[in-house]
Amino acid sequence: MQSWSIKEEGFDQERISSVGNKFLVGNGYFGIRGTLQEFNKNEYPAINLAGIYDRVGDAWREPLNAPNGLYTYLEFNHKEYRLPEVEAFSHNISLNYRHGIFTRTTTWNATGSKLTVNAERFASMEDKHLIAMKYSVHSEVEGDFRLVTGIDADVWDINGPHYDEILLSQNQDILKSIAITHESKDQVCVCESYQMDASHQEQLVAEDRKSLRVLSFHAEAGKTYTLYKWISVYTNKDEANYEDAAYGTVAKAKTSGYEAVLEKHIAEWEKKWNISEVIIDGDLEAMEALNYSIYHLHCIAPRHTDHLSIAARGLSGQTYKGAVFWDTEMFMLDFFLLTEPTVAKTLLKYRIDTLEGAKKKAKYYGFQGAFYAWESQEGGYDACSDYNVTDVFTGRQMRTYFKDKQIHISSAVVYGIMRYVDYTGSYDLLAEGGAEVILECARFYYDLLLKRIGGNYYELHDVIGPDEYHERVNNNAYTNKMAQYTFDSAIRVIQTLSSIGDKTKERLSNNYDLDALLHSFKDATEWLYIPQADTVTGIIQQFDGYEKLEEVGIEELKGRLLHEKEYWGGAYGIATHTKIIKQADVVTMLNLFSGEYSEDILIKNWEYYEPRTEHGSSLSACMYAMLACKCHMPDKAYPFFMKSALSDISGKGKEWAGLIYIGGTHPASSGGAYMTAIEGFAGIHQEKGELRAKADLPSGWERMAFKIVYKGDLYHVNITKDHAEVRNLGKHMD
Ligand code: BGC
């Protein structure tokens, strides 16, 4: 039986940061880290907001953490009890990941008796602006309680403080905090209200950046007293009357009552699981890890808007600047395409909205077309700096070329849009601007093509492929192949314009010389150099000259490290001059285009590159897992699948790149685990516009069952060792 729950016993201060990620709850509008109510900014609590950023001085722009309306601690007989300051007699936390409910139970020794706090909270899946919390206290002896609760606007920031001003006020029984950002003077409004199930006295206290109330009451021995809290968050970006909306949300929830709000929240989660749950008979650990990964994807899915994407660390904090990478299209998108296509569309509409930013970036570097931001924030602004890593030895910023040279980002956007077209069978996204995105990305690659005098082929030079340890290389196999894919997609779009719709056809015909583009792209796709498998070894070189690099084992290379946080790439990185790569690169390419290669070539490259891969990115393991599945090696795929599925449970992800903290949740890994299960082990794929399963389960798995959406219809898939059934349930999904 699946427990749908993870737990941790005891309190370990060293683990506050990783526990915060692992026990996250969220609803796509915000993510609430798995931290305790009494924590202040030193313990990294965060109500991390999606899609709203701020920048202070020259520091990195990053997403906002809302003022913390959950803030609560207790005093008993005039003594404060809070972690980490006062050691607990016992402490445990748990996360119900079926319904996104975080719980903590802490008992302290209080002058000869025991004092217990039992609390739970959730980010409402029904009303995306609402958080609800229940906080119960209990003492073995009678005594005086004071619950100090309210809004703490002195939030944890990596590159803050982001709020220049905090306006605190109270309106009837609702506390309100409006935090005004530094850069754009955006306003984050948090409202808070409460109910108590016992008569008490209330006193309001305003401290610097904190608006608190002190609830005092005399407790009987052995009796439990419960405080309910309602918190809402709105920003000026959500709607014009955001203050009224925040106020209304809290007032409404309070009238409904905790149990009713919880019930609706649970009902929404049940709707999600009704489609997305994956059953694996014979391997409970894998099933739990996979559904936990799916939980995280649900927590960060933007369902409150129709144009927003997901950051590389989801909503777990400000790491990686809250920026959107290729992770979304290449690793997370399939989950949404197959379970909730409207969310997939929302993610891709973000790219359509940010096309202007991508065109500006291309122009800045002297090219036509669209060069998408490597680390995309609002409006397509590229948050990636030219110096993106800090050298551990000198403390100086190192020049990195991720932003300038990782041109494969534009092809990821194209890949996402075309996958949407194929899996939904709809041209709506192309008609709503997706067609322009594809043409502009193709124009970008076309402008980058180089030809040697006397040469036949077009080449792409001076790039970085997925493996970031080798910068500024020529003819990276993945990049060239994806550029070719982009040309092919642009050709497909031009050739199917009539099906996309008259308006799109007219719009594109007015803005582009489509015949000329078609001619250019056909020429480009035909003559673009794609690194081929060596006729003797079968190996595809990752880029020109890769074969001449030093051959060294990973362990030996690690032995050369002078500092545990040293960066492996860049000019002096230990991996730069060797064949050791950061993450799946050729293997990613082969996985995407496996149908074009013989199984022998696929296996040879898998076996060649795997021992040379550090898996230094959480994006790596799932690509090895998926390619292994395509080569009928499910048992080889299995450990890589588990590594992806467990990445946030195990908390073993890399926390540092040089001196930069990169910890947080790993949604690309979660998405990769899902893809491996569904498209790898179950072998779900399209064949001539139809959904098919070509299953190959790992040894321990007896059965897999799940639902997926394809071309608007809901399917049930049931796979046993010797049989795969894909059944259309006759239910149309909007
Ligand atoms: C990886 C990139 C990835 C980024 C965000 C980096 O470490 O090399 O491929 O997009 O992290 O997850």
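The values are calculated or read from the model by the stated rules, or taken from the named source; none is laboratory data. All values derive from a computational prediction rather than experimental measurement. As a convention, Cβ positions derive from the backbone with ideal geometry for all residues, glycine included, and neighbour counts pool all protein chains shown. Note: areas computed on protein heavy atoms with side chains; ligands, DNA, RNA excluded. Shrake-Rupley method; radii C 1.70, N 1.55, O 1.52, S 1.80 Å.
Observations, loosely collected:
- Distance between modelled label sites at residue 208 and residue 111, nm, 7 Å Cα→Cβ extension: 3.2 nm
- Counting only alpha carbon atoms, the long axis of helix 477-495 and the longest principal axis of the chain meet at about 80°.
- At R0 = 35 Å, FRET efficiency that the Cβ-Cβ distance of residue 224 and residue 305 yields, to 0.05: 0.30
- For q = 0.17, 0.20 Å⁻¹, Debye-computed log10 I/I(0) when each Cα of region 62-124 counts as one equal scatterer: -0.72, -0.90
- In the distance distribution for region 1-80, Cα-Cα pairs more than 16 Å apart total 63 percent.
- Rounded to 10°, Cα long-axis angle of helix 634-645 versus longest principal axis of the chain: 40 degrees
- Computed lengthening from residue 4 to residue 530, 0.36 nm per intervening residue step minus Cα-Cα distance: 184.8 nm
- Alpha-carbon geometry of region 654-734: the Rg and the Dmax are 16.8, 54 Å, given in that order.
- Distance in nm between pseudo-label sites at residue 422 and residue 716 (7 Å out along the Cβ direction from Cα): 2.8 nm
- Distance between modelled label sites at residue 197 and residue 727, nm, 7 Å Cα→Cβ extension: 4.4 nm
- Sulfur and carbon atoms: percent of accessible area, region 5-242 [1.4 Å]: 42 percent
- Extension gain, residue 89 to residue 58: 0.36 nm times the residue separation minus the Cα-Cα distance gives 6.7 nm.
- Charge-dipole axis of the chain as Lys and Arg at +1 and Asp and Glu at -1 on Cβ define it, positive-most pick from 21, 147, 504: 504
- Once the mean of 1/r is taken over each pair of separate Cα atoms and inverted, region 5-242 shows a Kirkwood hydrodynamic radius of 18.2 Å.
- Per-selection Kirkwood Rh - region 292-384 (Cα, Å, 1 d.p.): 13.5 Å
- Semi-axis lengths, Å, the chain, gyration tensor of Cα atoms, sqrt of 5 times eigenvalues: 46, 27, 27
- Stokes-Einstein D in µm²/s, Kirkwood radius over Cα pairs - region 615-692 at 37 °C with 0.692 mPa s viscosity: 251 µm²/s
- Virtual paramagnetic centre 7 Å along Cα→Cβ of residue 237, amide N under 18 Å, in region 342-386: 346-358, 373-384
- Rg and Dmax, both from the Cα atoms of region 567-645 and both in Å, are 12.8, 39.
- Counting only protein heavy atoms and a probe of 1.4 Å, the accessible surface of region 278-728 is 49% carbon and sulfur.
- Note: relative contact order over the chain, using C-alpha pairs below 8 Å and six or more positions apart, is 11 percent.
- Amide H contacts of residue 141: 114, 222, each under 5 Å away and 5 or more positions distant or on a separate chain (H built 1.01 Å from N in the peptide plane; Pro and chain starts excluded).
- For the chain: accessible area per residue (Å², 1.4 Å): 37 Å²
- The fraction of all Cα pairs in region 547-706 landing in successive 10 Å bins from 0 to the largest distance is 10, 35, 34, 16, 5, 0, given as whole percents.
- For region 278-728, share of DSSP beta bridges that run antiparallel, in % to the nearest 5: 90 percent
- Three-way shape call for region 212-314 based on the alpha-carbon gyration tensor, with the a/c threshold at 1.5: oblate
- Calculated FRET value between residue 692 and residue 562, using beta carbons and R₀ = 35 Å, to 0.05: 0.10
- Helical contribution to [θ] at 222 nm, DSSP H n ≥ 4, -39,500 (n - 2.57), averaged over the chain, rounded to 500: -9500 deg cm²/dmol
- Available extension along the chain between residue 513 and residue 184 is 114.5 nm, counting 0.36 nm per residue and deducting the alpha carbon span.
- Cα shape, region 386-462, gyration tensor, a/c 1.5 rule: oblate
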